[in-house]
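Take a look at the structure set out below.
The values are calculated or read from the model by the stated rules, or taken from the named source; none is laboratory data. Only a predicted model underlies this, so the values are computations on that prediction, with no experimental measurement involved. We place every Cβ from the backbone using ideal geometry, glycine too, and count neighbours over all the protein chains shown. The area values use the complete protein model at the heavy-atom level, side chains included, leaving out ligands, DNA and RNA. Shrake-Rupley method; radii C 1.70, N 1.55, O 1.52, S 1.80 Å.
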Amino acid sequence: MSQRFKNFAARVAKDNEFKPLKNQLLNYLKKESQNKYKNYPRLIELMKKYWPKYKEGSRISYLLKDHYEEIFYFYLNTIFPFRKRGLSFLNPEAPTPVDFKLEYRYRYNSYEIQTIQKLMGEMNLEGKIEAILKRLLIFAVSSFSPMIEEIFKRPFAFQFSSIDAHRLDNGEWDVIAIISAREQ
């Protein structure tokens, strides 16, 4: 897994230097997920299998709420290289058929942090490690919207309502993001 993360981080740094300017990071992560030629279609098929139960009334948020762990573990761990043991999801909400909210947590381990810091040094990139760790998580989640749109057949977007990061005594970082999603 660590080699996957290293390769992923190197591709992101080379393409957009971890910067969200002009949606470069988001667009790159969308492309990165779609380049998973076997797993991207597998996740779409999984959601299509569930969709008939929710299609009446276009209840996309209820599909996400009922299957959030399976869907987001697959997306963030299989399509992207976020470790399953580092991920957790809390407090799923679907207040309307087209609104969804979830708390995403990821604990970056020391290897992942050192990988980012090394890339920043090698490429002479400026920025704070905390900001980059936050961006990688929230933009990876946000890059999921094209999959939802393919199932839902309507524009759908993810937006973070809050994001926080805490450095732990062992040097690891916990990133906690509350991200809402809704039909656009």
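Leaving ligands, DNA and RNA out of it, work out the accessible area of Asp66 with a 1.4 Å probe and give it in Å² to the nearest 10.
90
Angle, helix 60-73 long axis vs. longest principal axis of the chain, Cα atoms, 0 to 90°, nearest 10?
For helix 60-73, the angle is close to 40 degrees.
Quick one: length gained pulling Gln184 to Glu103 fully straight, 0.36 nm per residue minus the C-alpha distance? It would help to have the intermediate numbers written out before the result.
Working: separation 81, 0.36 × 81 = 29.16 nm, distance 2.06 nm.
Contour length minus the Cα-Cα distance gives 27.1 nm.
Given the rule -39500 (n - 2.57) for each run of at least 4 DSSP H residues, summed and divided by the residues of the chain, what is its mean residue ellipticity at 222 nm, to the nearest 500 deg cm²/dmol?
-16000 deg cm²/dmol
Running Debye on region 118-184 with equal point scatterers at the Cα sites and no solvent, what base-10 log of I(q)/I(0) appears at q = 0.14 Å⁻¹?
After summing over all Cα pairs, the log10 values are -0.55.
Under a GNM of the chain (C-alpha, springs under 10 Å), which listed residue has the highest mean-square fluctuation: Leu64, Leu125, Leu76?
Evaluated over the chain, the most mobile residue of the options is Leu125.
When the chain is treated as a GNM, springs tying every alpha-carbon pair under 10 Å, which of Tyr106, Tyr68, Tyr37 comes out with the largest mean-square fluctuation?
The residue with the greatest mean-square fluctuation here is Tyr37.
Please sort by residue number the trypsin sites (Lys or Arg not before Pro) in region 9-70 whose DSSP state is loop and whose Cβ has at most 13 other Cβ atoms within 10 Å.
Lys38
List, largest first, the extents of the alpha carbons of the chain along their principal axes, each in whole Å.
Cα extents, longest axis first: 52, 33, 29 Å.
How many angstrom lie between the Cα centre of region 93-139 and the Cα centre of region 9-65?
Computed from Cα coordinates, the inter-centre distance equals 16 Å.
Quantify, in whole percent, the carbon and sulfur part of the accessible surface of region 76-160 (1.4 Å probe; protein heavy atoms only).
46
What length, rounded to one decimal in nm, is gained on full extension from Glu93 through to Gln159, with 0.36 nm per residue of separation minus their alpha-carbon distance? Please list the in-between numbers first.
On the way: separation 66, 0.36 × 66 = 23.76 nm, distance 1.45 nm.
Stretched out fully, the Glu93 to Gln159 stretch lengthens by 22.3 nm.
Would you kindly state how much longer the chain becomes between Asp169 and Lys118 on full extension, computed as 0.36 nm times their sequence separation minus their alpha carbon distance, in nm to one decimal?
Full extension from Asp169 to Lys118 adds 16.3 nm.
Before I look further, what does region 1-131 give for accessible area per residue, probe 1.4 Å, in whole square angstrom?
55
By how many degrees, between 0 and 90 and to the nearest 10, does the Cα long axis of helix 110-122 differ from the longest principal axis of the chain?
60
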